[in-house]
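Presented below is the structure to which this report refers.
The values are calculated or read from the model by the stated rules, or taken from the named source; none is laboratory data. Computed from a prediction, not measured in an experiment: that's the story for all the values here. Neighbour counts run over all protein chains shown; Cβ positions are idealised from the backbone, glycine included.
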Amino acid sequence: MEDFLKFRKMITPAIIQIVFWIGVVVSVLGGLGMMISSFSTYSGGGALFFSGLMMIILGPIGVRIWCEVVIVFFRINENLTEIRDSLAKK
């Protein structure tokens, strides 16, 4: 508990997993919304449908990449903390 209160233990990596799943749901629902709305347009419906399809495919991949980059920063912090602690013991 002391590490948590002194900000030595990070909770953001757990929160990033929640953000990832929210991002996936938003990407898929947004893509489906774009694809459905493409049927009600008179011009450019094909482009809107294709954009929605690409959002469904590439949206979760983009969200995953962003989340992994953020987690890498926290892993670097954890590794540097371990190195510091091991050097302090010597």
Answer with yes or no whether Ala88 is among the hydrophobic types (A, V, I, L, M, F, W, C) and exposed (fewer than 10 other Cβ atoms within 10 Å of the Cβ). yes
So, Ile56, is that one β-branched (Val, Ile, Thr) and either touching a strand residue (DSSP E or B) at 6+ places or on another chain (Cβ under 8 Å) or in contact (Cβ under 8 Å) with a residue 24 or more places away in the chain (or both) or not? yes
I'm trying to understand the selection: among the residues of segment 39-77, which are small (Gly, Ala, Ser), part of a helix (DSSP H, G or I), loosely packed, with under 14 Cβ neighbours inside 10 Å and at pLDDT below 95? Ser40, Gly46, Ala47
Against the definition (in contact with a Cys (Cβ under 7 Å, 6 or more places away or on another chain) and under 30 Å from Asn77 (Cβ atoms)), how does Val19 come out, yes or no? yes
Within segment 1-35, track down each residue that is surrounded by fewer than 14 Cβ atoms within 10 Å (Cβ to Cβ) and in contact with a helix residue (DSSP H, G or I) (Cβ under 8 Å, 6 or more places away or on another chain). Arg8, Lys9, Ile11, Thr12, Gln17, Gly33
Scan segment 82-90 and give yes if some residue there is touching a residue at least 60 places away in the same chain (Cβ under 8 Å) and either outside any helix (DSSP H, G or I) or under 19 Å from Lys9 (Cβ atoms) (or both), otherwise no. no
